[in-house]
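Any read-out appearing in this document is the output of simple, stated calculations on the displayed coordinates, not a laboratory observation. A quick note: this is a predicted structure, and the numbers were derived from the prediction, not measured. Cβ sites come from the backbone with ideal geometry, for glycine too, and all protein chains shown count toward neighbours.
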Amino acid sequence: MVHLTAARYGKDNIRLLKVEKDATNPKLQYVYEFTIRVMLEGDIAEAYTHADNTPIVTTDSMKNTTHILAKKNPVSPPEVFAAVLGHHFVTEYAHIHKAFIHIIQHRWTRYAVDGVPHDHSFIRDGAEVRVADAEVHECGKTFISSGISDLLVLKSTGSAFYGYIQDKFTTLKETRDRIMSTSVDSVWKFKPYDSLDDVKAAADTFAEGYDSARTITLKTFALDDSASVQATLFKMCKLILSANADTIEVSYSLPNKHYFDIDLSWFEGLKNTGEDAQVYAPQSNPNGLITATVVRDE
Ligand code: AZA
């Protein structure tokens, strides 16, 4: 005999772009492009175990609902829209007990023409995305997290790495000055909210949280005299937790994108290692991967 221990289903990769016009100046427009995942949990076991489709809200309806709610509600900040969407599913269908909404917001940054920010023209400035997650329970309790993914950064100095274990397996040379590069993946969780109204009331917190986490990430990366990716990562987490009282946990996942000195001494004694290094070999793999999660002391 077997039995189901977990079941969750939904629609992934729902794509939409929404244009919102400024309330006082309709020529001034805002665009939001999302890729959304909707996942539902509830009394849906029969669909798996007895081929009974009666409890199924179709994934196609989830896509339709996402489009309709995007038309009827503001979609920014994405954390609030995620909560609105999740709240819809757990209130519309009595047998759906939890909704999990994941939103990826693609960058469209307003650009300037002759030095003046243009009303309705935007540029995709990088592969970086903003992410927002809402886990909504039928009682109204809502868990929100936000994040940044694929923010690629590099500093050409201001990073060292020494003092690590030297044993018979070690070939890596200590360095006081190296290139540091990573693709930032970061997630920060907010304290739980009791209702959709509480989530809506925190809209500014999510917007400011994203701006300050991104600024802290970029500023710390640039200014920290880095002893290691680990040490720099921990400083970023600490700063985010102290900047935003409503965040309860911060995680980073930072691949260490290596750039190695190229020894060119075989060519007329050309110096290109250590402090003479200028031409480097970017390494695609393997790469270090440094992760951590940080919370406040009780
Ligand atoms: N952390 C670093 O910052 N750089 C490294 C590591 C590490 O753990 N290992 N090799 N290079």
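The single condition from (1) of a type in the set (S, T, N, Q); (2) under 27 Å from residue 8 (Cα atoms); (3) within 16 Å of the ligand (Cβ to nearest atom) that residue 157 fails is (2). Does residue 183 fit the bill of being in contact with a Pro (Cβ under 9 Å, 6 or more places away or on another chain), among the polar types (S, T, N, Q) and within 15 Å of the ligand (Cβ to nearest atom)? When the stated conditions are applied, residue 183 passes them. Selection of strands (runs of 3 or more DSSP E) fully inside region 39-125 by the criterion of at least 2 residues being under 27 Å from residue 189 (Cα atoms) and in contact (Cβ under 8 Å) with a residue 24 or more places away in the chain returns 96-106.
Look at region 226-252 and say how many of its residues are in contact with a strand residue (DSSP E or B) (Cβ under 7 Å, 6 or more places away or on another chain) and more than 16 Å from the ligand (Cβ to nearest atom).
Within region 226-252, the subset in contact with a strand residue (DSSP E or B) (Cβ under 7 Å, 6 or more places away or on another chain) is 226, 228-230, 232-234, 236-238, 240-241, 246-252.
Subsequent filtering for residues that are more than 16 Å from the ligand (Cβ to nearest atom) retains 238, 240-241, 246-251.
Of the residues in that region, 9 qualify.
Just checking, does region 193-205 include any residue being in a strand (DSSP E or B) and over 21 Å from the mean Cα position of the chain (by Cα)? The answer is no, given that none of the residues of region 193-205 is in a strand (DSSP E or B) and over 21 Å from the mean Cα position of the chain (by Cα). Scanning region 126-141 for residues that are part of a loop (DSSP other than H, G, I, E, B) and out of contact with any helix residue (DSSP H, G or I) (no Cβ under 6 Å at 6 or more places or on another chain) yields 126, 127, 128, 139, 140, 141. For residue 235, the conditions (1) under 20 Å from residue 283 (Cα atoms); (2) without any contact (Cβ under 8 Å) to a residue 40 or more places away in the chain; (3) of a type in the set (Lys, Arg) all hold with the exception of (1). Selection within region 277-298: residues that are touching a Leu at 6+ places or on another chain (Cβ under 9 Å) and without any contact (Cβ under 8 Å) to a residue 60 or more places away in the chain. The member of this set that is nearest to the ligand (Cβ to nearest atom) is 288.
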